[in-house]
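For reference, the structure discussed in these notes is given below.
Every number in this text was worked out from the coordinates using simple rules, so none of it is lab data. Remember, predicted model here, so these are calculated numbers, not experimental data. Please note: Cβ atoms are built from the backbone with ideal geometry, for glycine as well, and neighbour counts cover all protein chains shown.
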Amino acid sequence: MSTPDLPTRGPARPGPYIISGILLAIAIVVPLFVPAYSIDKPRLAGMPFFYWYQMLWVPVTAVMIGIAYRLVSKEDRRRRDEVKGARTPEEES
Amino acid sequence: MSALTVPLATIPERPVNGVALTVVIVLFVLVAVLGFFAARWRAGKETGLHSLDEWGLGGRGFGTWVTWFLLGGDLYTAYTFVAVPAAMWATGAVSGFFAVPYTIVLYPIVFLLMSRLWSVSHRHGFVTPADFVGGRYGSRPLTIAVAVTGIVATMPYIALQLVGIKAVLTVLGLGSAQNALLTDLPLIIAFVVLAAYTYTSGLRAPALIAVVKDLLIYLAVIVAIIYLPIKFGGWDNIFGAAQTKLDAVNPATGKAAGVFIPGAASYSAYWTLAIGSALALFMYPHSVTGVLATKSRNTIRKNAAVLPLYSLMLGFLALLGYAAIYAGTKPIDLNGAVNPQLVVPQLFLDHFPAWFAGIALAAIAIGALVPAAIMSIAAANLFTRNIYRDLIRPDADPKQEAKVSKIASLVVKFGALIFVIAMDQSAAINMQLLGGIWILQTFPSIVAGLYTRWFHRWALFVGWAVGIIYGTVAAYNVVNPVTKANFGGSIAAIPGTNVQVYIAVAAFALNLIVAVVLSLVFRAMKLPDGKDITRESDYGADENDPKVAELEREYPFTGTGGANL
């Protein structure tokens with residue numbers, strides 16, 4: 001509390017966070033919506049829909065999280081650079 | 001090698017499989033050497049392993065690849081590999097396949113929460129989740145509640161890893177129903193070796209071993225998932241056999257033996273099991289240890305995108321439970337009773353050449369050593385930081401902390417060993433079930449604190465207590481329809497309704513409601529709020545940002561009592 005609160009990042013642009021938030025929300029809600037997939041047919045290579053559909057969502061959500069990672073880490077870097085650029089001259093004084 | 005003398009005492013039905021046993025022993029020795037070698041791997045030059053950051057968090061420098069193996073080995077434990085297909089084999093989708101949606105929704109949650117926890121912990125040098133709660137709320141009782149819950153929930157989890165090793169040893173033909181000591185001897189040897197290299201190498205040992213273990217397990221599962229359906233004439237046959245078994249009506253209860261595809265009545269059980277387990281997993285100290293050992297803020301986020309590969313593997317492994325139904329695998333334990341947990345080891349032994357079965361069984365056994373090591377380190381760190389340092393020796397220096405933690409890790413492991421040897425296996429399983437319910441009750445204290453200081457520390461404490469009490473009572477009241485034993489499962493109706501849900505989720509909802517209501521009440525009463533040593537900027541800090549200790553050197557305190565960080 002006695003040290004000044006130097007910001008580690010500049011202000012956020014909402015865009016990347018909103019898109020990532022939507023992607024992550026889909027990745028949480030859709031796999032949990034059981035009525036959509038608790039059926040037997042259509043089967044895939046003999047596997048009931050219930051089983052292959054859920055397995056399919058594993059790579060799908062992985063891709064969604066990958067996109068969210070790209071968006072958020074890029075924005076993170078931008079916010080960090082912003083603060084660094086602003087802080088360096090002050091630190092010399 | 002004394003393990004080789006044990007077979008003399010076995011019942012003839014379960015002969016020792018010499019080839020498979022040799023493969024398992026060779027791989028085990030290899031892994032043990034690796035474990036001791038790990039002490040030198042990327043070790044800090046000046047300090048050695050004489051601090052918790054070095055011993056307990058592997059130097060806080062694991063990058064994407066090491067973290068992927070470490071967390072994969074940490075979260076997907078041997079018990080998971082044994083228990084999930086066992087549940088599929090015995091009762092089908094609701095108690096087994098929920099592991100797939102569970103490990104799907106896990107990663108968006110990790111993505112959202114864990115980089116903030118990483119940042120604030122990096123900035124302040126927090127080693128455990130309870131460290132963070134202490135720093136955020138300045139409340140001793142709340143810190144200790146979180147620490148004790150973590151330790152108590154982790155202990156049976158370690159014990160269950162031993163159950164995983166035991167399943168492998170039983171199938172290999174080691175052990176006898178007559179001589180309990182001989183049965184447990186290989187287990188004891190394995191654990192003593194594990195304890196020794198964890199003691200010397202800390203978190204680096206499981207990190208290095210996890211690489212070997214994960215490669216072996218991927219190999220075993222990929223081969224099995226391609227070979228077995230071909231051998232059994234396709235997935236059609238496998239699912240057909242599973243459906244016949246699970247839909248058959250059990251004359252004793254008048255209900256179906258299991259669930260092939262959940263009906264409307266089990267929807268709520270299925271999805272609450274998935275979300276409740278997902279929310280709980282990263283509250284476990286061993287998961288947090290894995291996160292805090294990473295190098296930078298976004299390492300864990302990147303891993304959230306690549307760790308799902310393990311979930312896919314777990315899904316296929318679960319289906320091997322159905323393959324075992326078709327194959328007619330007979331998981332008979334030493335005492336002659338059916339033990340579903342032997343299903344997957346037995347399946348490998350029945351249908352593969354002995355040397356390959358040996359690789360698969362070794363993968364499961366080594367898969368038990370990795371999480372057992374990380375869990376014991378995590379529990380030891382909790383004890384050291386939040387009980388020893390906070391309550392007994394506030395002035396402990398990093399070297400003393402590392403020393404205490406090393407010894408505590410030994411105590412924790414031998415506690416788990418005694419647990420498994422002396423008590424009934426079902427005691428460990430019941431405790432693990434309760435542990436999952438309990439650990440979720442620390443979620444509001446840890447996670448809400450990452451975003452807001454709105455909750456009052458005493459409201460969180462009371463909410464935690466209410467959640468624990470409700471969850472324990474509700475779990476006790478679940479009676480197994482066949483054996484009439486308490487703690488018969490983790491699903492119960494929400495009181496006053498017929499909606500079946502995972503008990504942990506109901507307890508969590510109650511916990512949250514209590515915490516919200518009491519926060520409003522306590523704020524209105526102006527109850528003292530506790531000191532928060534974190535600042536907004538801490539939650540976005542990255543590896544190159546100065547730590548709090550450095551900031552304070554740069555901007556010295558103007559007050560007098562500055563050294564209490």
Worksheet item: Once both axes come from the Cα atoms, what is the angle between helix B:354-382 and the longest principal axis of chain B, in degrees from 0 to 90, rounded to 10?
Response: 20
Worksheet item: What whole number of Å gives the distance from the Cα centroid of the range B:388-429 to the Cα centroid of the range B:194-272?
Response: 31
Fill in: Within the range B:13-101, GluC sites (Glu not before Pro) in DSSP loop having at most 11 other beta-carbon neighbours inside 10 Å
B:13, B:46
Discussion item. Among A:44, B:90, B:398, which residue has its Cα furthest toward the positive end of the charge dipole of the protein assembly as shown, with +1 on Lys/Arg Cβ and -1 on Asp/Glu Cβ?
Written reply: A:44
Discussion item. Just to confirm a number: summing +1 for Lys and Arg and -1 for Asp and Glu over residues other than residue B:519 whose beta-carbon lies under 14 angstrom from that of residue B:519, what do you get?
Written reply: +3
Practice prompt. Please report, in cubic angstrom per residue, the volume enclosed by the convex hull of the alpha-carbon atoms of the range B:161-275.
Written response: 203
Practice prompt. Per residue of B:297-304, count partner chain C-beta atoms within 10 Å of its C-beta, then hand back the mean as an integer.
Written response: 4
Worksheet item: Over all distinct alpha-carbon pairs, what is the Kirkwood Rh of the range B:349-458 in angstrom?
Response: 17.4
Practice prompt. In debye, nearest 20, what is the charge dipole magnitude of chain B about its Cα centre with +1 on Lys and Arg Cβ and -1 on Asp and Glu Cβ, if you could check?
Written response: 440
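Using +1 on the beta carbon of Lys and Arg, -1 on that of Asp and Glu, and nothing else charged, what's the dipole of the range A:15-79 about the Cα centre, debye to 20?
On the way: 7 positive and 3 negative charges, 54 e Å.
The calculated dipole for the range A:15-79 is roughly 260 debye.
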Discussion item. Angle check, please: helix A:14-32 long axis (alpha carbons) against the longest principal axis of chain A (alpha carbons), in degrees 0 to 90, nearest 10.
Written reply: 30
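Averaged over A:60-73, how many beta carbons belonging to a partner chain fall within 10 Å of each residue's beta carbon?
Values: counts 2, 10, 10, 2, 4, 12, 6, 1, 6, 8, 2, 0, 4, 6.
The mean count of partner-chain Cβ atoms within 10 Å per residue comes to 5.
Net charge near residue B:480, counting Lys/Arg +1 and Asp/Glu -1 over other residues with Cβ under 15 Å of its Cβ?
Details: positive: B:255, B:484; negative: B:424.
Here the count lands on +1.
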Item to complete: Take the Cα pairs of chain A, get the Kirkwood Rh, then feed it into Stokes-Einstein at 4 °C and 1.567 mPa s and tell me D in µm²/s.
Response: 78
Response to the item:
If B:521, B:100 are placed from fewest to most neighbouring beta carbons inside 10 Å, the sequence is B:521, B:100
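In the neighborhood of residue B:342, defined by Cβ-to-Cβ distances under 12 Å, what is the net charge if each Lys or Arg adds +1 and each Asp or Glu adds -1? Kindly include the intermediate steps, with their values, before the conclusion.
Numbers: positive: B:14, B:166, B:330; negative: B:333, B:350.
Spelling it out: positives minus negatives among the neighbours equals +1.
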Practice prompt. Rank the residues B:466, B:291 as a footprinting-exposure proxy: fewest other Cβ atoms within 10 Å of their Cβ go first.
Written response: B:466, B:291
Item to complete: Choose one of B:228, B:15, B:153: the residue whose Cα lies farthest towards the positive end of the charge dipole of chain B (beta-carbon charges +1 Lys, Arg; -1 Asp, Glu; about the Cα centre).
Response: B:153
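In square nanometres, what is one fourth of the surface area of the convex hull spanned by the alpha carbons of chain B?
Details: hull surface 104.1 nm².
That works out to 26.0 nm².
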Response to the item:
Nearest 10, in degrees from 0 to 90: the angle of helix B:204-231 to the longest Cα principal axis of chain B is 30
Worksheet, complete the sentence: Measuring from its Cα centre, the protein assembly as shown shows a charge dipole (+1 at each Lys and Arg Cβ, -1 at each Asp and Glu Cβ) which, in debye to the nearest 20, is 340
Practice prompt. Averaging over all projection directions, find the projected area of the Cα convex hull of the protein assembly as shown and quote it in nm² with one decimal place.
Written response: 29.7
Worksheet item: Residue farthest toward the positive end of the dipole of chain B, with Cβ of Lys/Arg at +1 and Asp/Glu at -1: which of B:138, B:125, B:371?
Response: B:138
Fill in: Ranked list, fewest to most other Cβ atoms within 10 Å of each Cβ, for B:484, B:245
B:484, B:245
Practice prompt. Could you tell me which of the pairs B:166/B:255; B:295/B:547; A:74/B:295 are separated by over 20 angstrom between their Cα atoms in the structure shown?
Written response: B:166/B:255
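Kindly provide the chymotrypsin sites (Phe, Trp or Tyr not before Pro) of the range A:1-69 that DSSP labels as loop, not H, G, I, E or B, and whose Cβ sees at most 13 other Cβ atoms within 10 Å. Numbers along the way, then the final one.
Working: sites: A:17, A:33, A:37, A:49, A:50, A:51, A:52, A:53, A:57, A:69; in loops: A:33, A:37.
Those that pass, being in a loop and sparsely packed, are A:33.
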Practice prompt. Take the alpha-carbon centre of the range B:484-548, take the same for the range B:327-358, and report the distance between them in whole Å.
Written response: 42
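Test of the criteria: in the range B:435-490, which chymotrypsin sites (Phe, Trp or Tyr not before Pro) are in a DSSP loop and have at most 15 other Cβ atoms within 10 angstrom of their Cβ? Before the final figure, lay out each step's value.
On the way: sites: B:438, B:451, B:454, B:455, B:458, B:461, B:464, B:470, B:476, B:487; in loops: B:454, B:455, B:487.
Here the sparse-neighbourhood loop sites are B:454.
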